[in-house]
1. Quick one: check the C-alpha center-to-center distance for the range 246-276 versus the range 24-64, whole angstrom.
2. Placing +1 at every Lys and Arg Cβ and -1 at every Asp and Glu Cβ, with all other atoms neutral, what dipole size does the range 88-221 have around its Cα centre, in debye to the nearest 20?
3. Highest first, please rank the peptides 270-278, 236-244 by the mean number of other Cβ atoms sitting within 10 Å of their residues.
4. Work out Dmax and Rg for the chain from the C-alpha atoms and quote the Rg first, both in angstrom.
5. Tell me what the chain gives for mean residue ellipticity at 222 nm when only DSSP H runs of n ≥ 4 count, each as -39,500 (n - 2.57), the sum divided by the residue total, rounded to 500 deg cm²/dmol.
6. Using the Cα centre as the reference, give the magnitude of the dipole from point charges on the C-beta atoms of the chain (Lys, Arg: +1; Asp, Glu: -1; all else neutral), rounded to the nearest 20 debye.
7. I need the phi-derived Karplus couplings for the range 278-283: 6.51 cos²θ - 1.76 cosθ + 1.60, θ = phi - 60°, integer Hz, Gly and Pro marked x.
8. So if the hydrodynamic radius of the range 231-295 is defined as the Kirkwood radius over C-alpha pairs, what does Stokes-Einstein give as its diffusion coefficient at 10 °C and 1.306 mPa s, in µm² per second?
Amino acid sequence: MGRDQRASRGRRGAPAIPGEPAAANTPRARRTDTGLAELVPDRDRPQAWSLLLDGAPQSHVDLADPTRLGFEYQRRLGHVADLVAPQGRPIQALHLGGGALTLPRYVAATRPRSRQQVAELDAALTEWVRAELPLQPGWQIKVRGADARTVLERAPEGGADLVIADVFSGARVPAHCATVEFAALAARALAPGGLYTANITDGSTLAFARAQVATLLAVFPEVALIADPAVLRGKRFGNLILVAGHTALPIAELTRRTASDAALGRVEHGRDLAAFTGGAAIATDTAAAPSPAPPPGTFHPAPR
């Protein structure tokens, strides 16, 4: 789930006829396994689309330029993908949560010959997205219609250079994908030097985000957090990106890239990040809760 005023401002209208090619550049909708999915065209870019689920923006895809990441949180995940290995080198990536397959497209375009697996519970959504926003020939992207944690449990040990968790049930991160047991599975799946990154949402007291940082610190020796300073102060609800690994994180470069984005962002790491947890308890399978629901209108920018 993401927030980006410009990328999501396509005017919504009557749903297009199912099966009509997305190139017609008209809004379209489809009832999938988990809700109402909509594709809304970007008025500034004729081949760019935003995917909305039950009215909330989830993904933004530019078919003409898959390296363009329209949502703030996706750009930050893209920074992590860029830094997991030398530029252009193929990687093994595991994506937990698929949506419009924005990050798999990005990795395929920036790192040709990468092998990628995607876990997306909503098989009907994947089928529709692939029909309306087709992947390029030669991209090695395999999508499994299964629960993210189930796929993670079956992932080969040490087989992934990059694990991206962008898992939402409606507008909330599900509890079973936000526990220390889940984090341990992600750590197990990582190859030496690999990176785990997750998109979560929170606001106000940031109780969920604090617990998630504490949970990752219980599993990984290196953890960082990227977010808008207003979100970190609890002034607004928004996305926070977690980054973790078994070895030193590329903090300096993450900080530089975050600072170069149009959206304000700050990287927390080390003592400051440990202090951020405020003594929050580690989330476990027996006591975890989903992330809080966003306040009404949080991820629904007004059309322009």
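1. Their Cα centres are 31 Å away from one another.
2. Working: 13 positive and 11 negative charges, 82 e Å.
Charge dipole of the range 88-221: 400 debye, to the nearest 20.
3. Values: 270-278: 13.7, 236-244: 22.6.
My ranking of the peptides, most packed first, is 236-244, 270-278.
4. Cα-based Rg and Dmax for the chain come out at 18.0, 54 Å.
5. Values: 9 runs with 79 residues, N = 304.
My calculation for the chain gives -7500 deg cm²/dmol from helical runs alone.
6. On the way: 34 positive and 29 negative charges, 127 e Å.
In total the dipole reaches around 620 debye.
7. With the stated coefficients, the range 278-283 comes to x, x, 4, 6, 5, 7 Hz.
8. The Stokes-Einstein estimate is 110 µm²/s.
The values are calculated or read from the model by the stated rules, or taken from the named source; none is laboratory data. Bear in mind that the values here come from a model prediction, so they are computed numbers and not experimental data. Positions of Cβ are backbone-derived with ideal geometry, glycine not excepted, and every protein chain shown enters the neighbour counts. To get the accessible areas, we keep the full protein, side chains included, count just its heavy atoms, and leave off ligands, DNA and RNA. Shrake-Rupley method; radii C 1.70, N 1.55, O 1.52, S 1.80 Å.
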